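Report on one structure; see the data block that follows.
Laboratory data are not the source of any read-out in this text; all were calculated from the coordinates shown. Everything numeric here is computed off the predicted structure, so don't read it as measured data. So basically every Cβ, Gly included, is an ideal-geometry build from the backbone, and we count neighbours across all protein chains shown.
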Amino acid sequence: AKHERRGSIGFYEEKLTSVSQRKLQLSVKLKQALETEQLRVFYQPQYASETLQIVGVEALVRWHDAEWGWIGPDEFIPVAEEMGLIERLGEWVLLTSCTQGKLWLDNGIKGIKMSVNVSAHQLRFGQFMGTVKQALIKSRFPAELLQLELTESSFIEREQEVIPQLIALKSLGVQLAIDDFGTGYSSLSYVATLPWDTLKIDRSFINRLPEDKAQRQMTDTILQLAKNMDLSIVVEGVETQAQFDYLRSKKCEVIQGYYFSPAVPAEKITF
Ligand code: C2E
Ligand code: CA
Ligand code: CA
Ligand code: CA
């Protein structure tokens with residue numbers, strides 16, 4: 001029995017080591033990928049539910065490693081945050097997306113809103129405002145068409161530090177969205193006190209529509225809240241016709257999800 005126990009502890013340690021080893025290797029690879037421009041940005045279209053016109057896109061970073069294949073942002077963004085690479089990565093994504101947005105404008109595709117994800121870590125050292133300004137200047141992309149997506153974890157317990165930054169960002173003319181709305185904490189107080197333009201309703205709120213009564217009540221309530229507070233709504237993770245039909249019937253303006261399109265390279269989008 002003694003032997004067995006030791007064996008299982010050994011197994012546990014081995015597993016732990018291989019996980020942290022992968023993380024370490026990942027951070028080394030990610031650093032190289034950033035330096036050698038191996039990352040890409042894909043764009044997931046967002047549709048007006050009434051007209052099915054594309055009204056915006058969400059920029060989502062993609063990474064293909066020659067050795068490991070595709071690595072998802074859910075795996076490497078946390079590593080980038082932990083290893084101090086997120087500022088550089090975020091800056092690159094921002095400039096790349098704004099440059100793409102400007103290219104669309106120059107090709108006569110007007111009014112497409114570009115949404116870019118911002119990690120809580122990027123708001124940490126007070127440099128972020130300068131990063132956004134630089135990206136707008138370098139790309140010549142109009143600030144009004146840029147929307148920054150933040151999750152509730154970005155400002156939870158850090159209001160003193162984050163609120164002035166959000167106000168400064170608004171003064172540049174960019175829009176602000178709460179990402180994954182409803183999955184964090186004390187959403188309502190943050191919705192009320194900070195200068196948001198858009199709520200993005202998380203997939204987990206709509207995945208059982210239209211059958212699930214609780215989800216129907218919840219989405220109806222959030223839609224009413226947004227309306228009362230003069231906020232735009234984007235519902236993400238729409239995967240079925242039935243979900244789409246329900247949301248459209250509730251006058252939910254903008255829809256994003258695999259039912260319409262995953263994130264794709266810019267040149268694959270037909271407006
Ligand atoms: P997110 O911001 O909530 O992005 C939405 C995620 O849901 C994306 O995953 C998208 O591909 C996926 N998605 C879209 N439609 C559907 C659908 O109908 N069904 C399902 N099941 N999923 C759908 P992705 O691209 O793997 O990104 C995962 C997360 O990684 C993002 O979640 C975001 O938090 C983070 N991320 C991605 N790109 C960036 C970036 O440039 N910077 C930062 N800081 N984070 C990023
Ligand atoms: Ca997002
Ligand atoms: Ca989201
Ligand atoms: Ca997310």
- Item | Neighbour-count ranking [beta-carbon atoms within 10 angstrom, fewest first] of HIS121, HIS64 | HIS64, HIS121
- What is the gain in length, in nm to one decimal, between LYS110 and TRP70 on full extension, counting 0.36 nm per residue of separation less the C-alpha to C-alpha distance? 11.2 nm
- Query: GLY56's amide H: which non-local residues (gap 5+, or another chain) put their own amide H closer than 5 Å, with H modeled 1.01 Å from N in plane and none for Pro or chain starts?
  - Reply: GLN46, LYS113
- Message: What do you get for the angle between helix 128-139 and the principal long axis of the chain? Use alpha-carbon atoms, 0 to 90 degrees, nearest ten.
- Response: 70 degrees
- Message: Within 13 Å, Cβ to Cβ, of GLU152, how many net charges do the neighbouring residues add up to if Lys/Arg are +1 and Asp/Glu are -1?
- Response: -4
- Simple Cβ-charge dipole of the range 51-183, Lys/Arg +1 and Asp/Glu -1, about Cα centre, in debye nearest 20: 840 debye
- Note on the structure: Nearest-0.05 FRET efficiency for GLN134 and THR270 at R0 = 25 Å, using Cβ-Cβ distance, is 0.20
- Estimated inter-spin distance, GLU239 and LEU188, nm [label 7 Å along Cα→Cβ]: 3.0 nm
- Of LYS110/LYS227; LYS102/LYS138; LYS23/LYS200; LYS110/LYS170; LYS113/LYS133, pairs whose Cα-Cα distance is over 19 Å: LYS110/LYS227; LYS23/LYS200; LYS110/LYS170
- Note on the structure: If one compares the long axis through the Cα atoms of helix 213-228 with the longest principal axis of the Cα atoms of the chain, the angle in degrees, nearest 10, works out at 60 degrees
- When only DSSP loop residues count, what GluC sites (Glu not before Pro) in the range 205-271 have their Cβ near at most 13 other Cβ atoms within 10 Å? GLU211
- State the answer as a single residue: which of ALA66, ILE86, PRO45 lies farthest towards the positive end of the charge dipole of the range 10-124, with beta carbon charges of +1 for Lys and Arg and -1 for Asp and Glu, about the Cα centre. PRO45
- Output the relative contact order of the chain, whole-number percent, from Cα pairs under 8 angstrom with separation of 6+ residues. 18 percent
- antiparallel share of DSSP beta bridges within the chain, to nearest 5, in %, is 40 percent
- Query: With r defined as the distance between the Cβ atoms of ASP212 and GLN32 and R0 fixed at 45 Å, what FRET efficiency is calculated, to the nearest 0.05?
  - Reply: 0.50
- Please give the contour-minus-distance gain from ILE167 to MET229: 0.36 nm per residue of separation, less the Cα-Cα distance, rounded to one decimal in nm. 20.6 nm
- Item | Residue-averaged [θ]222 nm for the chain, counting only DSSP H segments that reach four residues, each worth -39500 (n - 2.57) | -15000 deg cm²/dmol
- Note on the structure: Expressed as a whole-number percentage, the relative contact order of the range 152-271 with C-alpha contacts under 8 angstrom and at least six residues apart is 20 percent
- So for R0 = 30 Å, FRET eff. of PHE260-ASP197 from the Cβ-Cβ r, to 0.05, ends up at 0.85
- Item | Net length gained if the chain between GLU159 and GLN127 were fully extended (0.36 nm per residue, minus Cα distance) | 9.9 nm
- So how do 31-37, 242-248 stack up, highest first, on mean other-Cβ count within 10 Å? 242-248, 31-37
